[in-house]
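I have placed the structure first, in the form of structure tokens, so that the comments after it can refer back to it.
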Amino acid sequence: MTKNKVILDFIDQYAKLMTPDNIVWIDGSEEQKQRLTEEAASTGEIIKLNEKLLPGCVYHRTAVNDVARVEHRTFICSRTKDGAGPTNNWMEPQEAYKMLDKIAEKAMTGRTMYIIPYSMGKVGSPFAKYGIELTDSIYVVLNMMIMTRVGTDVLDAIGKKGEFVKGVHSKVQLDLENRYICHFPEDNMIYSLNSGYGGNVLLGKKCFALRIASYQAWKQNWLAEHMLILGIEKPNGEIKYITGAFPSACGKTNLAMLIPPETYTKKGYKVTTVGDDIAWIRPGKDGRLYAINPENGFFGVAPGTNMKSNPNALASTRKNTIFTNVVYVPKTGTVWWEGLDKNPPTDAEDWKGNKWYGGMTDADGNIIKGANPNSRFTSPAINCPSISPEFENPEGVPISAIIFGGRRAKAAPLVYEAYNWQHGVFVGSIMASETTAAATGAVGVVRHDPMAMLPFCGYNMADYFAHWLAMGKKLSNPPKIFNVNWFRLDDNGNFIWPGFGDNMRVLDWILQRCEDVVDAVDTPIGYMPKPDDINLEGLDFTKDQLVSILDCDKDTWKQEAQEIENFYTTKFGDTLPKELYEELAALKKRLV
Ligand code: OXD
Ligand code: MN
């Protein structure tokens, strides 16, 4: 397949260590995909679904102890501890290689090693970067064939460019105690052992496109971000692009694919999807930022996805999709998850493979959920009815606005705008959000998650902030920066803002601000909309409700400022860029 000695030596080194019975190159062809699908179906690794209802779709269950990213077992193995910084786990690289090699020794005996040449970004595009993943999992191969561009043309492209990211993955024994997701940014290397969960093993995604790429971006003057990219087409045909950073399982896929409310569609507004999770962003010659989505598919959270919340995502899952850890209905060869519809199956298997039916309860009368809360669909981007015509544009799309958003029951208002780039970096750096099921650990705990990159920044986050600040200085026409919060709760624990498609009403205000056609209220935290400037037409939502979430309660924000100070000083101390301390001091002053 290739004569590239670096690639061949890499494969040879790990084949000798992990001693697979066979080695198979993945060429990206449909025939090979079919053959592997049949093989995985024959061993039970996947189950083929109803060809008529869900053509080309398959079902997979992970091990019960392996259903989410494992942040406590994820390491940045930079040469120095400072290189990884205070927010990452660190291991000395030589020690890490030694330990990992020991776990990986003979791990593929009796198995096949698959070699996946893949591209993040369209092959040949100026943004594109290449990787080679070695794995012993057909499930990984099939997922990578959806999430990335896989094939022999990648080997040719590496041949020309000479650079690629090495990825080694083995399920080993799926042993939690020896599960490690390790990154070696200075070596362009990822080493992932003892897991089969997507976020830990589809090495093109979080490991490469965020952790390794963020390090590369720092060195090469661009940004690799945990961001969706969407386009808003206006009635006059003009399209404006927005990127948005939200922590995992906070609705990035829903926002990226939103269908505007009728008050907008009837005027001719349309939203198109460029990406739902990752953006690679570069300065253009015109002083603006340009973004691509380096992925080729969606690895979306299934529960809660339905015809109302996200019809585009649901449509994306109707063919050539891999469903993981949802409910399986053997009789019909279909799948189900909580929140899909109000008709759960009566005769099914839950994500663990146990007999299950909708409404089933345990001995204490508690409802047993059929799908894991972090169950997923892996769908080709081209399936998505709202996919942007610019999805494959090798130059990327120009960005008008950047949104940061967390899941906050209180404090953060529906939307506010940063005064300028530096203040915007501060706003991104103080992001906090309640944790979700996308990573193991407690759910619903507020934690600081700067730019939604806490689990994904592949280097020292203080340097990352400095890099953001420096990027802004180079842009003559930077995007405006905003913060949103769709998740405010009332005293009964209900969401106040309707969210989903109605978030368009907030995006509309954001675009109007970018075009300088609407005024705003100056508050201590930034510019907020005048309530009349948020279009509520056709919505059962009162002005009073809106005012209640367009607030900036000084006492709450004084506490917030104290929290931020604790976070800054205890995590970063004097390594944090002074501009951010200045912004904090300015915020405090505005709050007195
Ligand atoms: C994801 C995540 O899967 O952020 O996108 O965990
Ligand atoms: Mn994500």
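No lab work stands behind these numbers, since they all come straight from the coordinates. Note that the structure is a prediction, hence the values are computed from the model and not measured. Positions of Cβ are generated from backbone atoms using ideal geometry, with glycine treated the same way; all protein chains shown enter the neighbour counts.
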Note, ³J(HN,Hα) from phi for the range 378-392, Karplus 6.51, -1.76, 1.60, rounded to Hz, x at Gly and Pro: 10, 10, x, 4, 5, 6, 7, x, 9, 4, 6, x, 8, 3, 9
task: Kindly write out, for the range 511-524 in residue order, the coupling ³J(HN,Hα) from the Karplus curve 6.51 cos²θ - 1.76 cosθ + 1.60 (θ = phi - 60°), rounded to whole Hz, with x marking Gly and Pro.
output: 5, 4, 5, 5, 8, 6, 10, 9, 7, 8, 9, 7, 10, x
message: If I take the Cα coordinates of the chain and project them onto the principal axes, what are the three extents in Å, biggest first?
response: 68, 55, 51
field: Local electrostatic count, LYS171, Cβ distance below 12 Å [Lys/Arg +1, Asp/Glu -1]
entry: -2
222 nm mean residue ellipticity, helices alone, for the chain (DSSP H n ≥ 4; -39,500 (n - 2.57); rounded to 500): -8000 deg cm²/dmol
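So what's the range 303-346 giving for Cα Rg divided by 2.2 N^0.38 Å, two decimals? Could the numbers behind the result be given before it?
Numbers: Rg = 10.3 Å, N = 44, 2.2 N^0.38 = 9.3 Å.
Here the answer is 1.12, to two decimals.
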query: Amide H neighbours of THR523 under 5 Å, counting only residues 5+ apart in sequence or on other chains, H built in-plane at 1.01 Å?
result: MET528
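Of SER379, SER388, how do they rank once you tally other Cβ atoms within 10 Å and put the fewest first?
Working: SER379 26, SER388 23.
If I rank by nearby Cβ atoms, fewest first, I get SER388, SER379.
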message: Just to confirm a number: summing +1 for Lys and Arg and -1 for Asp and Glu over residues other than ILE564 whose beta-carbon lies under 12 angstrom from that of ILE564, what do you get?
response: -1
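With the contact rule set at Cα under 8 Å and sequence spacing of 6 or more, what percent relative contact order holds for the range 52-174? List each step's numbers first, then the result.
On the way: 142 pairs, mean separation 26.1, N = 123.
Reported as a whole number, the value is 21 percent.
Which whole-number value in Å³ per residue fits the convex hull of the alpha carbons of the range 353-457?
Measuring per residue, one finds 219 Å³ for the Cα hull of the range 353-457.
How big, in percent, is the set of alpha carbon pairs in the range 431-573 lying more than 26 Å apart? Intermediate values should be presented prior to the final figure.
Working: 3922 of 10153 pairs.
Above the 26 Å cut-off, the range 431-573 has 39 percent of its Cα pairs.
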- line: In degrees rounded to 10, the 0-90 angle between helix 461-474 Cα long axis and the longest Cα principal axis of the chain is 60
- request: Would you grab the residues whose amide H sits under 5 Å from the one on LEU536? Only those 5+ places off in sequence or on another chain, please, with H modelled 1.01 Å from N.
  value: none
task: Take every Cα-Cα pair in the range 490-592 and report what % of them are more than 23 Å apart.
output: 45
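Antiparallel versus total DSSP beta bridges in the range 15-118: what percent is that, nearest 5? Walk me through the intermediate numbers first.
Working: 2 of 8 bridges.
Bridges in the range 15-118 that DSSP calls antiparallel: roughly 25 percent.
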- prompt: If amide H atoms are built 1.01 Å from N in the plane of the peptide, which residues on other chains or at least 5 residues away come under 5 Å of the amide H of ARG488?
  reply: ILE496, TRP497
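Do you know the relative contact order of the chain, to the nearest whole percent, from alpha carbon pairs under 8 angstrom that are 6+ apart? Before the final figure, lay out the partial values.
Numbers: 1288 pairs, mean separation 85.7, N = 592.
14 percent.
What is the order of THR253, THR440, fewest Cβ neighbours within 10 Å to most? Intermediate results must be reported in sequence, preceding the final value.
Numbers: THR253 27, THR440 18.
Least crowded to most crowded, the residues run THR440, THR253.
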- request: Could you state the angle between the C-alpha long axis of helix 5-18 and the longest principal axis of the C-alpha atoms of the chain, as a value from 0 to 90 degrees rounded to the nearest 10?
  value: 70
- line: Fewest to most Cβ atoms within 10 Å: PHE482, PHE75, PHE567, PHE323 sort as PHE567, PHE75, PHE482, PHE323
message: P(r) for the range 274-340, please, calculated from all Cα pair distances in 5 Å bins and given in %.
response: 3, 14, 20, 20, 13, 9, 8, 6, 4, 2, 1, 0
- request: Convert 20 °C to kelvin, take the viscosity as 1.002 mPa s, use the Kirkwood radius over C-alpha pairs of the range 57-155 as Rh, and evaluate the Stokes-Einstein diffusion coefficient in µm²/s, rounded to a whole number.
  value: 131
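At a temperature of 10 °C and a viscosity of 1.306 mPa s, determine how fast the range 180-325 diffuses translationally according to Stokes-Einstein, using the Kirkwood radius over alpha-carbon pairs as Rh; express D in µm²/s, rounded to the nearest whole number.
Details: Rh = 16.9 Å.
Answer, rounded: 94 µm²/s.
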field: Per-residue ³J(HN,Hα) for the range 143-149, Karplus 6.51 cos²θ - 1.76 cosθ + 1.60, θ = phi - 60°, Hz, x for Gly and Pro
entry: 5, 4, 5, 8, 7, 9, 9
message: Compute the angle between helix 554-567 and the longest alpha-carbon principal axis of the chain, please, reported from 0 to 90 degrees and rounded to the nearest 10.
response: 40
